[in-house]
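Asker: Take a look at the following structure, please.
The values are calculated or read from the model by the stated rules, or taken from the named source; none is laboratory data. Everything quoted here is computed from the prediction, not taken from an experiment. When we count neighbours, we look across all protein chains shown, and the Cβ atoms used for this are built from the backbone with ideal geometry, even at glycine.
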Amino acid sequence: MSLLEIKNVTLRFGGLVAVDNVSLNVEEGEVFALVGPNGAGKSTIFNLISRFYDPASGSIHLDGHDLLKNSADQVPSLRIARTFQNIELFEQATVLQNLLVGRHRHRQTSMLSNIVFSPKTYREELHHREAVEEVIEFLNLQQYRDKMIGGLPYGVRKVVELGRALASEPKLLLLDEPASGLSVEETQDMAFWIEDIQTQMGISVMMVEHDMGLVSAVSGRVMALSDGKELATGTAAEVQSHPAVIQAYLGTGEISKTGTSRA
Amino acid sequence: MDFLQLIISGLANGCVYGLIALGFVLIYKATEAVNFAQGDFMMLGAFVCIGFTNHEYMGLSFWLAVPLSILVMGILGYLFNWGVLRHMFGQSQTSIVILTIAMGFIIRFIAGAIWSHEPTSLETPFAGQDIRSGGLVLGIDEVLIVVVTAILTLAFYIFFSRTRIGLAMQAASQNQLAAYYMGIPVRRIHSLVWGLSGMVAAVAGILFASKGAIDPSTGLLGIKAFAAAAIGGFGSLPGALLGGLIIGLVEPLASRYGPPGVSQIAPYAILLLILIFRPGGIFSQTQRKKV
Amino acid sequence: MRFVFKTSYDADISLFKHRAQAVWYGLLLLLVLATPLYFVAIGDAYLLGEITGIMILAIAGMGLMLLTGHTGLPSLGHATFMALGCYLNINFLGAGVPWIIAFPMAGLIAGVLGTMIALPVLRLHGVYLALATLAMSMLTSDFVVIAEPWTGGIAGAAVPDINIFGMEINRYSTPYKFYYLVLSVAVLVVWFYRNLLRTPTGRSFTAVRDSEVSARAMGINLTQTKAMSFFLSATAAGLAGALFGHSAGYVTNETFDLVMSITLLLMIVIGGLGFIHGAFFGAIVVGIIPVAIANGRTFLATAFDVNINVPGLESALFASILICFILFEPMGLYGRWLKIRTYFELFPFYRKDMFKRQKSYLKTDRVQ
């Protein structure tokens, strides 16, 4: 049984079919990449897994458990964490506070206990602080710990977003375009981190990405999508050379009667 | 007949609410700003006209005072945006809400300081005159309100759908940066919209003051206009007008046929119900953040 | 220039960043405790009553601050919760419940009722929420009139004296005891508030304020969190309302009106939205304005023989101050104080735009 099983999932926004009968499996311990032109439905699949959208048909199972029964805020306790394409950090908080929110799903204390800062709350705070420190160390965010997100450069914010997802200690990590907007060096760092996440932390990773270099470097299996439909699945090399994929990205090379190349 | 009188009177009130709501929605649609002081603009417009035409003030001819006050309010609206709100460009909506609330306080104070807090009526050439038709007695002021409102609505429709400025306003309301890139002078357009809204408020005020007495706190009936705007979904001009008419009708009907006290709270109850159940109004314009 | 070297996680979690800060607040506490002694010395407790009033306003302000400043839910109806707390308190005391139980109960039940009232509108954002709370507050004013047996309707109701284990406390006859009572409540609320902000509950509030989408993705249940925020906020306002009743001695349906709701909101914006201090700074401004105007009037009357008596001057002045702050110092009084303090702390390395916030030009950025 795979870790994540998506079967025949379809999602429509009005008349637009965003995801068209897509099926995929993510095995435990692998890094699975979703590639495809913009508008292919990749982030939409993430949003389906995160339960922000409901599919019109199909099923999603995590470790055999029917994910469609859960709401978006229950997903982290099922040990799925995600990052967002357009960074969704808490702008008016520090890096540390952002990472601490990532620990929310581990919370055991009640509001009442928090208000009076009971010993249990104190112990839990200490534990969260320690756990977050490990993430900070892993991602080398020490110098940014107490800085406001608002003042940080884009590359650092992407790393904080990754850290926040890691802080929740997931089994499955969804990375939405982890390298977009990053420099070559930062992308290399990201590649190393993803590798470490997979091998050292034993977390399965599913990522949406355009940077084929990163995809080839870290992924095991890759699936190409276009217009909501599945085009090809295989290793990075296989998918990149698949004729349907090439056509989706670059067109067929034929010139139509009107003189424009048909894509 | 009695019932019909109630209806007409309710419609007249409704038109005033609708005009206030129109000005409110104009600003909201174009600039995303929420003008909590729209009711106070109306009150100010009425007092400016009173200041021009009433004999205890300047005593000018009514037909001169009306366009003058509309112009003055238009300029004030323009200046308010140009001088104050421009600096708020890009800031959160809540700040602008709070700013306009504060503006309302200041406008009330200034009106009270210049024209006193006593209830005052606007002196019009047709005060007290009626149209009688088949047992119906209609005040000319009430009929005028309905007619003027209808004309204004048509004018706005044409303005927004057929003129370049109207289109530019729509563009600026959807995406300010993109409108800039297209060469639309967004900030000037915003000021124009505020000016337009000020003018509409002046018309509403003049109409309202011509049929009853007003004082600086009259602007607070603008809150009922919010209910009207909500019915229209905040993004629809005809919806705002329709909402105004509905509220205007509900009040006298509830007062006559409903349990005591209901007619006072009816507008607020309607506002609350719409916000809870159909926040997009009857003509919905939904939006959702794409992540 | 101060460097804070932390050697334990404890230092991160504790209430004070470093010992010097603890010392400053300790001094502030001493000052506040010793204030009544000054008034004993001069024999006139009038201003002490004003200071007590400011503290009561600050408690209500803290309630609103939690809701609007930290959870991002603007409310134009907070006076409603104050009214709830006040009338509940009156009725409990009237039924013979001892103050020491009636007072907190009034606050808590005001919190529960407030949450129930707010439940239908929790899904709304920004202006829609503000309008809904506005509508709610107008409806409640009418409800107060209708619920005459409990509220005294238009005629109003007298507020019984406070009696704690035989000790009578009344604003006019025992102003010092009243001051210390209100002070204790205020300090307690501040402590609760600070605790809240350094624990997961508080962080979930600010997460909801900053990005609902990622808050959900982190496992935060939006409805529950907002409801919790409303509950705590309404409880604080209810307590403040009860104290306000004791301070005023007599309340009518016009005591907790729309103007008070608006004043509370404007107040916390002037003070600084998102900071606990903001509630206090804002309350001080609200408290000082009438005194300043009165003094100004007497000065003008005696020095220049000019008599200015325009109604609404206080509100207009307050509104003008607010507009100045929104335009030139959106972070409020406390924000300005922070900038000044940071300037001196970092001297000469302070950079002008350190606190600059990103502006959002796209509609999609502003939609939650």
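Asker: Residues to consider are B:I98, B:I145; find the one that is buried (at least 16 other Cβ atoms within 10 Å of the Cβ), within 14 Å of chain C (Cβ to nearest Cβ) and part of a helix (DSSP H, G or I). Break it down stepwise before answering.
Answerer: Values: B:I145 fails: within 14 Å of chain C (Cβ to nearest Cβ).
Of B:I98, B:I145, the one residue that is buried (at least 16 other Cβ atoms within 10 Å of the Cβ), within 14 Å of chain C (Cβ to nearest Cβ) and part of a helix (DSSP H, G or I) is B:I98.
Asker: Pick from the stretch B:77-95 the residues that are crowded, with 21+ Cβ neighbours inside 10 Å and modelled with pLDDT of 85 or more: which of them is nearest to B:T218 (Cα to Cα)?
Answerer: Among residues in the stretch B:77-95 that are crowded, with 21+ Cβ neighbours inside 10 Å and modelled with pLDDT of 85 or more, the one nearest to B:T218 (Cα to Cα) is B:G77.
Asker: Something else: Does C:F280 fit the bill of being more than 14 Å from every other protein chain (Cβ to nearest Cβ), in contact (Cβ under 8 Å) with a residue 60 or more places away in the chain, not small (G, A, S) and not in a helix (DSSP H, G or I)?
Answerer: Working: more than 14 Å from every other protein chain (Cβ to nearest Cβ): yes; in contact (Cβ under 8 Å) with a residue 60 or more places away in the chain: yes; not small (G, A, S): yes; not in a helix (DSSP H, G or I): no.
Taking the combined requirement at face value, the residue does not satisfy it.
Asker: Moving on to the next point. Could you tell me which of the residues C:A79, C:A45, C:A60 is among the hydrophobic types (A, V, I, L, M, F, W, C), touching a helix residue (DSSP H, G or I) at 6+ places or on another chain (Cβ under 6 Å), crowded, with 19+ Cβ neighbours inside 10 Å and modelled with pLDDT under 85?
Answerer: Numbers: C:A79 fails: modelled with pLDDT under 85; C:A60 fails: modelled with pLDDT under 85.
On inspection, the qualifying residue turns out to be C:A45.
Asker: Would you tally the residues in the stretch C:186-211 being touching a Lys or Arg at 6+ places or on another chain (Cβ under 7 Å) and within 9 Å of another protein chain (Cβ to nearest Cβ)?
Answerer: Step one: list which residues in the stretch C:186-211 are touching a Lys or Arg at 6+ places or on another chain (Cβ under 7 Å), which gives C:200, C:208.
Within this subset, residues satisfying the condition of being within 9 Å of another protein chain (Cβ to nearest Cβ) are C:200.
Final tally of qualifying residues: 1.
Asker: Hey, another quick one. In the set A:A72, A:A33, which member is outside the structural domain of A:A165 (by TED's automatic domain parsing), within 16 Å of the chain's Cα centre (by Cα) and without any contact (Cβ under 8 Å) to a residue 60 or more places away in the chain? Walk me through how you get there before you give the answer.
Answerer: On the way: A:A33 fails: without any contact (Cβ under 8 Å) to a residue 60 or more places away in the chain.
Exactly one of A:A72, A:A33 is outside the structural domain of A:A165 (by TED's automatic domain parsing), within 16 Å of the chain's Cα centre (by Cα) and without any contact (Cβ under 8 Å) to a residue 60 or more places away in the chain, namely A:A72.
Asker: Just to be sure, is C:A294 surrounded by fewer than 22 Cβ atoms within 10 Å (Cβ to Cβ), over 11 Å from the mean Cα position of the chain (by Cα), more than 12 Å from chain B (Cβ to nearest Cβ) and in a helix (DSSP H, G or I)?
Answerer: Yes.
Asker: Turning to a different aspect of this structure: Report yes if B:L152 is outside any strand (DSSP E or B), away from every other protein chain (no Cβ under 14 Å), surrounded by 13 or more Cβ atoms within 10 Å (Cβ to Cβ) and not small (G, A, S), otherwise no.
Answerer: On the way: outside any strand (DSSP E or B): yes; away from every other protein chain (no Cβ under 14 Å): yes; surrounded by 13 or more Cβ atoms within 10 Å (Cβ to Cβ): yes; not small (G, A, S): yes.
Yes: the conditions hold for B:L152.
Asker: Considering every residue within the stretch A:168-178, establish whether at least one is modelled with pLDDT under 95, among the charged types (D, E, K, R), assigned to a helix (DSSP H, G or I) and within 30 Å of A:E27 (Cα to Cα).
Answerer: Looking for residues that are modelled with pLDDT under 95, among the charged types (D, E, K, R), assigned to a helix (DSSP H, G or I) and within 30 Å of A:E27 (Cα to Cα), one finds none in the stretch A:168-178, hence no.
Asker: Residue check: is C:V32 more than 22 Å from the chain's Cα centre (by Cα), among the β-branched types (V, I, T), in a helix (DSSP H, G or I) and more than 14 Å from every other protein chain (Cβ to nearest Cβ)?
Answerer: Numbers: more than 22 Å from the chain's Cα centre (by Cα): no; among the β-branched types (V, I, T): yes; in a helix (DSSP H, G or I): yes; more than 14 Å from every other protein chain (Cβ to nearest Cβ): yes.
Judged against the criteria, C:V32 is not a match.
Asker: Return the residue satisfying two criteria in turn: it lies in the stretch B:110-124 and is at the interface with chain C (Cβ under 7 Å from one of its Cβ atoms) and touching a residue at least 12 places away in the same chain (Cβ under 8 Å), and of such residues it is surrounded by the fewest Cβ atoms within 10 Å (Cβ to Cβ). Steps first, answer last, please.
Answerer: Quick first cut of the stretch B:110-124, residues at the interface with chain C (Cβ under 7 Å from one of its Cβ atoms) only: B:112-113, B:117.
Checking the rest, the ones that are also touching a residue at least 12 places away in the same chain (Cβ under 8 Å) come to B:112, B:117.
On the way: B:G112: 20, B:H117: 15.
Selected residue: B:H117.
Asker: For the stretch B:247-273, how many residues are more than 7 Å from chain C (Cβ to nearest Cβ), closer than 23 Å to B:A12 by Cβ and among the aliphatic types (A, V, I, L, M)?
Answerer: Within the stretch B:247-273, residues that are more than 7 Å from chain C (Cβ to nearest Cβ), closer than 23 Å to B:A12 by Cβ and among the aliphatic types (A, V, I, L, M) number 8.
Asker: Pull up the stretch B:208-227, narrow it to residues that are out of contact with any Asp or Glu (no Cβ under 7 Å at 6 or more places or on another chain) and outside any helix (DSSP H, G or I), then point me to the one that is surrounded by the fewest Cβ atoms within 10 Å (Cβ to Cβ).
Answerer: Within the stretch B:208-227, the match that is surrounded by the fewest Cβ atoms within 10 Å (Cβ to Cβ) is B:A213.
Asker: What number of residues within the stretch C:297-331 satisfy the criterion of being surrounded by 13 or more Cβ atoms within 10 Å (Cβ to Cβ) and either at pLDDT 80 or above or assigned to a helix (DSSP H, G or I) (or both)?
Answerer: 20
Asker: Let me ask another. Within the stretch A:99-111, does at least one residue satisfy the condition of being closer than 16 Å to A:K158 by Cα and either free of Cβ contacts under 8 Å to residues at least 40 places away in the same chain or more than 7 Å from chain C (Cβ to nearest Cβ) (or both)?
Answerer: yes
Asker: Now a separate question. Of all residues being farther than 13 Å from C:E254 by Cα and assigned to a helix (DSSP H, G or I) in the stretch C:147-161, which is nearest to the other protein chains (Cβ to nearest Cβ)? Just the residue, please. Don't jump to the end; show me each part of the working.
Answerer: Taking the stretch C:147-161 as the starting set, the residues that turn out to be farther than 13 Å from C:E254 by Cα are C:147-150, C:158-161.
Narrowing further to those that are assigned to a helix (DSSP H, G or I): C:148-150.
Numbers: C:E148: 12, C:P149: 16, C:W150: 17 Å.
By that ranking, first place goes to C:E148.
Asker: Restricting the stretch A:98-149 to residues that are among the basic types (K, R) and surrounded by fewer than 17 Cβ atoms within 10 Å (Cβ to Cβ), which is nearest to the chain's Cα centre (by Cα)? Working first, answer last.
Answerer: Applying the first criterion (among the basic types (K, R)) to the stretch A:98-149 yields A:103, A:105, A:107, A:120, A:123, A:129, A:145, A:147.
From what is left, the residues that are surrounded by fewer than 17 Cβ atoms within 10 Å (Cβ to Cβ) are A:120, A:123, A:145, A:147.
Values: A:K120: 33, A:R123: 31, A:R145: 23, A:K147: 25 Å.
Among those that are among the basic types (K, R) and surrounded by fewer than 17 Cβ atoms within 10 Å (Cβ to Cβ), it is A:R145.
Asker: Let me ask something additional. If you check every pair at least six apart or on different chains, which have Cβ atoms under 8 Å apart with a residue in the stretch B:211-227 that is farther than 22 Å from B:G280 by Cβ first and a residue that is of a type in the set (D, E) second?
Answerer: From residues that are farther than 22 Å from B:G280 by Cβ, the pairs are B:K211/B:D141; B:K211/B:E142; B:D215/B:E118; B:G219/B:D40.
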